[in-house]
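Every number in this text was worked out from the coordinates using simple rules, so none of it is lab data. What you are looking at is a predicted structure, and each value in this text was computed from that prediction instead of being measured. As a convention, Cβ positions derive from the backbone with ideal geometry for all residues, glycine included, and neighbour counts pool all protein chains shown.
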Amino acid sequence: MDNPKNLDQNFISKPENITTPDQVDGFESGPTSAALEQPTPALATSAPAVPDLDKIASAPAQPTIVLEKVENILARDMDKVFLSMDLATQAKFKAKGEETAVAITNLLQKTKVQVRKIINLIVDWLRLVPSINKYYLEQEAKLKAEEIIRLHKNQ
């Protein structure tokens, strides 16, 4: 029998004995470096098989619906007042109204709804109307706030 020391040496390959894929006839080598730099179309356009249901059914739909309803409540019965303003005041009034609607929607998402803050936001918005009676302004703000609170309780 062979010496165990000789067997171990036979199994240990030396670098000159190792064949590379290029040395074997008929073996196709792997992709070149130019092919590796370009992304594969199948990987670039693939989408996950199952959509993330938590993202679809959660938050984005609820606040936008509430925001639209709050904007509708604020805009109700304001068309004559809005049309009586000049263009610069109309733009300010509209921008401030949208900010007010977002702020009210944020207040409605909190655990404790602060009605006084909602009224103050509406009053600040309605103060942009030129020559408005302050008592009418307060009354209109309270009516709109009550309607918004009713909307919040019905959800």
(request) Towards the positive end of the charge dipole of the stretch 61-154, with charges on Cβ (+1 Lys, Arg; -1 Asp, Glu), say which of 82, 136, 118 has the farthest Cα. (result) 118
(request) Could you sort out which of 110/134; 92/112; 96/117; 80/153 sit more than 27 Å apart by Cα distance in this structure? (result) 110/134; 92/112; 80/153
(request) Would you kindly derive the ³J(HN,Hα) couplings of the stretch 132-141 from the backbone phi angles with the Karplus curve 6.51 cos²θ - 1.76 cosθ + 1.60 (θ = phi - 60°), listing them in order in whole Hz, with x for Gly and Pro? (result) 9, 5, 5, 6, 5, 4, 4, 5, 5, 5
